[in-house]
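Below is one structure, written out as structure tokens; the observations come after it.
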Amino acid sequence: MNYWRLNLVLLLAAWPFPAGAQESRSSTDPKKFLESLPDGKLTLDVILARARDTSQTFAAIQSLKSSAEASEIRAEAGLQPVLSAEFFSTDNRLEPSNPFQPERLQSTSVRAGVTQSFLTGTTLDFGFRTGPSSLTLPPMPGSPRLIEFDESRFDISLSQNLLRDQFGEVTKANYQLNVLEANVLREQRRAEIETFTLAIVDDFYRAWLAQIRVQDATETLKRRQRIQKITRLRLARGTAERPEILETESSVVAADVDVRNAADQLRESWLRLATVIDLPDEITQRVDPTKIPLGLDKVDERAESICQSVGERKGSASLAQALAELKRADAVVSQARLNDRADLKLEAKYFGNGIDSSITDSAVEALRSRHPAWEVALRFQLPMGRLESKALLKETQSQRLRAIAQAEELKDQEQVSWSMRCREIGRRVRDLRILRDNAKRQTERARLEQDRFDIGRITLTEVTRAEDEALQARIRLREEEIALRRTVWSLRELAGQIPETMEVLP
């Protein structure tokens, strides 16, 4: 087994594969480990799936889903019926104010009730109370002192705010605000997934470019060492001079430094990527990043068609979050204006009781409403100056203006970026074809110039220049390949496709 396959097996031993690869993961056969990855390579999709499934950062982002659900539950909570149960025990021995009042009143009772609020701002309460009571009367000739009985009571009460919450405006505003808060949290989750994904995409492309640069620098070093060897032979034969050997030695030293610098950059990129995808430290440290077979994602040569295939562009998740925050700010301002009103509340209560020798008979008598009573109350409240509500209104209006500015600025920026990226992607596809052809030609030229140098037809400077230009052509090609892919990801971001892309990864 060659070296890179050994390192890959060490890496895969700790890699959590998707469901379809669990069977091969449990096997000890290295070939099955390789077969479990697309084309035997670590692709961007595999790394994104790994980050989604194991990253603590992504888990924290996903927790926003629960927060959104909590806001929706909170919106419904105020409209749910509330059951209540109460127990009362009374022993009243206060001094009577006249001779006809009882000297002592004792009672024990329980009350059960249910309260229901509605979006109209109306609150309805129904309760029933029952229990035994006893009265100790002043001594009077021919009358008993102790009277024992069972009393049952029912009450139905209704309350409605006539100013602040007229027609349930405040209640509906509170309900809607919780719903909008849930929407903000959902869009925040999508925006953070978008940011998280793009950061990993950028790290992956950096690592891939760094790996290519290490390979190119290593090849350059080998060529310079070969040229140095040939030049030394010529110097021994008298067909080369001292300055030429010094030049080759300098080029070898420079190439060796380039290899070490490129390797350091690759190690840094790999450690950053390994940290994001939560690889164990022992695996991260033991694997040589130059041997990891990173697989570049494929991009259709007709990649510019994304601008037409998207249809009506939704905008990025960040824009969706800004628009959701704007709607919430509008609702907060409306709520603040409603709370600035005076509080005038109408309360109506209808109740009755029944007294008998048994709880059952008293309850029946009470529910038949033979002894009804009612009361109506109006309660008015208006803070002097209303300074607190005015301050809250100004603060919410300020937040709304900032939300409007942020949403409009982001919308304009994305509109410009979309137009620019759609033009850019077509240009990059064309440039990629040109650069691919140029790299092929420059590589052929470097090979031919090397042959000419071997037979002494050109100088060391000329062959070195040809190799350097071939290397630059390949580097420019690789950079353009990455630039094209970054443009595609930018368009996916502007089209709002990235969060859904992460969710459908295997």
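The values are calculated or read from the model by the stated rules, or taken from the named source; none is laboratory data. This structure is a prediction, so every number in the text was calculated from the model and none was measured. Cβ sites come from the backbone with ideal geometry, for glycine too, and all protein chains shown count toward neighbours. What goes into the accessible areas is simple: the full protein's heavy atoms, side chains included, and nothing from ligands, DNA or RNA. Shrake-Rupley method; radii C 1.70, N 1.55, O 1.52, S 1.80 Å.
Taking the C-alpha atoms only, the angle from helix 317-339 to the longest principal axis of the chain is near 20 degrees. Per-residue extension of 0.36 nm, minus the Cα-Cα distance of Met420 and Gln399, leaves a gain of 4.4 nm for this segment. The packing ranking of peptides 203-209, 265-271, highest mean first, is 203-209, 265-271, where packing means the average number of other beta carbon atoms within 10 angstrom of each residue. Accessible surface area normalised per residue over the chain is 56 Å², counting heavy atoms of protein chains with a 1.4 Å rolling probe.
Given R₀ = 45 Å, what would the calculated FRET efficiency be for Glu500 paired with Gln166, taking r from the Cβ atoms and rounding to 0.05?
On the way: r = 43 Å, r/R0 = 0.95.
Between Glu500 and Gln166 the formula returns 0.55.
Extension gain for Phe87-Ser143 works out to 17.0 nm (0.36 nm per residue, less the C-alpha to C-alpha distance).
In this simple spin-label approximation, Thr54 and Lys327 carry label points 7 Å from Cα along the Cα→Cβ vector, and these lie 3.8 nm apart. Three semi-axes describe the equivalent ellipsoid of the chain; taken as square roots of 5 times the Cα gyration tensor eigenvalues and ordered largest first, they are 84, 27, 18 Å. Roughly how many whole Å is it from the C-alpha centroid of the stretch 400-446 to that of the stretch 317-382? Spelled out, the Cα-based centre of one part sits 58 Å from the other. Per-residue ellipticity at 222 nm from helix content only, as computed over the chain with -39500 (n - 2.57) for each DSSP H run of at least four residues, stands at -21500 deg cm²/dmol.
In this label model, Leu233 and Asp281 are separated by 5.0 nm, measuring between points 7 Å along each Cα→Cβ vector. Here the chain has 53 percent of its accessible surface on carbon and sulfur atoms, given a 1.4 Å probe and all protein chains in place. In order along the stretch 356-362, phi translates into HN-Hα couplings of 7, 7, 10, 5, 4, 5, 5 Hz, rounded to whole numbers, per the Karplus curve 6.51 cos²θ - 1.76 cosθ + 1.60 with θ = phi - 60° and x for Gly and Pro.
Per-residue surface analysis assigns Val299 an accessible area of about 40 Å², computed on protein heavy atoms at 1.4 Å probe radius. Other residues whose C-beta falls under 13 angstrom from the C-beta of Lys390 contribute a net charge of +1, scoring Lys and Arg +1 and Asp and Glu -1.
Distance between the modelled labels on Asp45 and Val110, one decimal in nanometres: 6.4 nm (7 Å Cα→Cβ projection). The angle between the Cα long axis of helix 242-276 and the main principal axis of the chain comes to about 20°, on a 0 to 90 degree scale. Looking at the stretch 100-152, the chymotrypsin sites (Phe, Trp or Tyr not before Pro) that sit in a DSSP loop and have at most 14 other Cβ atoms within 10 Å of their own Cβ are Phe100, Phe118. Against the main long axis of the alpha-carbon atoms of the chain, helix 169-237 sits at an angle near 10°.
What FRET efficiency comes out for the pair Glu388/Ala70, r = Cβ-Cβ distance, R0 = 41 Å, nearest 0.05?
Values: r = 28 Å, r/R0 = 0.67.
Working from the Cβ atoms, E equals 0.90.
Mean separation of Cα pairs under 8 Å and 6 or more residues apart, divided by the residue count, gives the chain a relative contact order of 19 percent. The simple Förster model, with R0 at 60 Å and r as the Cβ-Cβ distance, assigns Arg379 and Gln62 a FRET efficiency of 0.80. For the stretch 119-129, the Karplus equation 6.51 cos²θ - 1.76 cosθ + 1.60, evaluated at θ = phi - 60°, returns couplings of 5, 6, x, 8, 10, 10, 10, 10, x, 9, 10 Hz by residue, with Gly and Pro reported as x. When the listed pairs Lys291/Lys440; Lys172/Lys349; Lys222/Lys298; Lys172/Lys327 are checked against a 19 Å cut-off, the alpha-carbon distance exceeds it for Lys291/Lys440; Lys172/Lys349; Lys222/Lys298. The length gained by stretching the chain between Leu246 and Asp454 to full extension, at 0.36 nm per residue less their Cα-Cα distance, is 73.1 nm. Long-range amide H contacts for Gly315: which residues qualify at under 5 Å (H placed 1.01 Å from N, peptide plane, sequence gap of 5 or more or a different chain)? Amide H to amide H, under 5 Å and 5 or more residues apart or across chains, Gly315 pairs with Gly496.
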